[in-house]
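Everything on this sheet refers to the single structure shown next.
The values are calculated or read from the model by the stated rules, or taken from the named source; none is laboratory data. Being a predicted model, the structure only gives us computed values, none of them experimental. Here the Cβ positions follow ideal geometry from the backbone for every residue, glycine too, while neighbour counts run over all protein chains shown.
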Amino acid sequence: NVYISSIGVEYSHIVDLNQIEWIKKKLEYPGLNVLSREDKLRILNRIIRSTNFEMYLAKKYPSEKRFGLEGCDVMISSLKDIIDDSTKMGVESFIVGMAHRGRLNVL
């Protein structure tokens, strides 16, 4: 079902066999990525908070041009997880470069 579904991943350009195997493992064994109820609620909560922040900015500054998160909502939760996991491993600082879309939410 992985290779005939509606989502595709292009990785044929990768030459490192370890990277290829890692990608295949993540795609072919979806049970590895099953989220608990708590994880799902945490992600939903982050998306709701970021959406509420966008709505607040729209009301507070109605005439200002804004670049919202449309289409990038899940990025907030993913970045938060990356930062949380990295700090547990000893990372002390992060440099994030990105286009304008959702920048205020990321901050």
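Tabulated values for the structure
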| read-out | value |
| --- | --- |
| The stretch 21-44 residues that are more than 19 Å from D73 (Cα to Cα), paired with ones that are hydroxyl-bearing (S, T, Y) and modelled with pLDDT of 85 or more (beta carbon under 6 Å, 6 or more apart) | I23/Y11 |
| Residues satisfying the stated conditions in the stretch 43-54, i.e. of a type outside the set (D, E) and surrounded by 11 or more Cβ atoms within 10 Å (Cβ to Cβ) | I43, L44, N45, R46, I47, I48, R49, S50, T51, F53 |
| Residue check, Y61 modelled with pLDDT of 85 or more, of a type in the set (S, T, Y) and either touching a Cys at 6+ places or on another chain (Cβ under 6 Å) or more than 28 Å from W22 (Cα to Cα) (or both) | no |
| Hits in the stretch 58-79 - residues which are of a type outside the set (D, E) and surrounded by 15 or more Cβ atoms within 10 Å (Cβ to Cβ) | G68, L69, C72, M75, I76, S77, L79 |
| Qualifying residue in the stretch 18-41 (condition: modelled with pLDDT of 85 or more and in contact with a helix residue (DSSP H, G or I) (Cβ under 7 Å, 6 or more places away or on another chain)) | no |
